[in-house]
1. Report the percentage of all Cα-Cα pairs in segment 138-268 whose separation exceeds 22 Å, rounded to a whole percent.
2. Quick check: net charge around Leu272, other residues with Cβ under 15 Å of its Cβ, Lys/Arg +1 and Asp/Glu -1?
3. Want the number for Asn44 to Asn119: 0.36 nm per residue separation, take away the alpha-carbon distance, what's left?
4. Express in nm, to one decimal, how much length is gained between Glu60 and Glu287 on full extension, taking 0.36 nm for each residue of separation and deducting their alpha carbon distance.
5. Give the peptides 97-103, 18-24 in descending order of average Cβ contacts within 10 Å, highest first.
6. Which shape class, rounded, prolate or oblate, goes with the chain when its Cα gyration tensor gives a ≥ b ≥ c as root eigenvalues, a/c under 1.5 marks rounded, and past that a/b bigger than b/c marks prolate?
7. Go through 189-200, 115-126 and give me the packing order, highest mean Cβ count within 10 Å leading.
8. Taking Cα pairs under 8 Å and at least six residues apart, what relative contact order does the chain come out at, in percent?
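Every number here is computed from the coordinates shown, using simple stated rules; none is lab data. Keep in mind the model is a prediction, meaning the values are calculated, not measured. Quick reminder, even Gly has a Cβ in these numbers, built from the backbone with ideal geometry, and neighbours come from all protein chains shown.
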Amino acid sequence: MNFKPILIVPGEKKSIFFEIFFKSIKSKKIICPLVIICSKKILNKEIKRYRFKKKIELVEIEKIFDKKFLRKNIYLIDIKNQNSRTYVKNCFNVAFKMIKRGLSRKLLNGPINKSKTLNKKYLGVTEYIANSFKQKKFAMLIYNNILSVCPVTTHLPLKDVSKKITKRLIIEKATIVNNFFKNFLGFKPRIGIVGLNPHCESISKYNEDEKIVLPAVNAIKKKINIKGPIPSDTIFLKKNRKNFDVIIGMYHDQVLTPIKTLYEYDAINITLGLPFLRVTPDHGPNEKMVGRNISNPTSLIRAISFLDKK
């Protein structure tokens, strides 16, 4: 077990993150040190709001690389610049610097408002972080220890999906998923590939499932335990989904909607293909719930626990 610190970027200023973070710490014993990278002013406001009692030690960024971290302790790096346009990115940049200098290989971030923080420059945080580390091959995995899903395309308007899926991209995503399960989780996953069209059929002359998906599966099925294309309206039925550890879909909501329906908050978002582990709870900032103290912390508990064991 690696007891290097878990770096935590809470994300948006207005978010349910600290509510569910404090609930997570109270309900789950965490062994690894936790390093929160955010504004001290914002953190103190949230501590007061939710009456959090555990001690948090302030560490100067210049001294962080010489710091001797203690297990189960929480530390804070104060990000003083609170400019609304750059604040979250400033937090990420400090975390990236610490990762690149070898302080940790574990990053957890809170929910991010993609339109506001990423200025629509990236499809999502997955792409933003991958680009920051110059990683061109990566994948989004929504992980649950019973069943996980991976979309080949992420956060694309539906009208653009068919233009983006290719045999090469499907093979790339399936290979990244397969390698993650083998290298980090210790077993070879059973992967199911979902077709693009309803029932994997099309009245058009060009059928993506016959021309793209099936050839991709055939190209790697000798190396990877993979089957498909399978209709998306039946693969998640109980008797069918039990045959797979991971289901790969062609677009975001094709697989995220079923997995959230089945497991609700009991899943986490992992970015695969990075030179470190990046995890986030599988939900957004939920600004309307801030301060109500009724948000479900399950996904964040799972995220912290996952990194705590690695």
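1. Numbers: 2453 of 8515 pairs.
Cα-Cα pairs in segment 138-268 separated by more than 22 Å: 29 percent.
2. Numbers: positive: Arg105, Lys106, Lys136, Lys137, Lys173, Lys182, Arg278, Lys310; negative: Glu127, Glu172, Asp245, Asp282.
Charge balance in the 15 Å sphere: +4.
3. Values: separation 75, 0.36 × 75 = 27.00 nm, distance 2.79 nm.
Residue separation times 0.36 nm, minus the Cα-Cα distance, leaves 24.2 nm.
4. Values: separation 227, 0.36 × 227 = 81.72 nm, distance 3.01 nm.
Full extension of this stretch gives 78.7 nm more.
5. Working: 97-103: 14.6, 18-24: 22.4.
Ranking, from highest mean packing down: 18-24, 97-103.
6. Numbers: a/c = 1.96, a/b = 1.88, b/c = 1.04.
In terms of gyration-tensor shape, prolate.
7. Values: 189-200: 20.3, 115-126: 15.5.
Ranked from most to least packed, the peptides come out as 189-200, 115-126.
8. Details: 551 pairs, mean separation 76.8, N = 310.
Normalised by residue count, the contact order of the chain is 25 percent.
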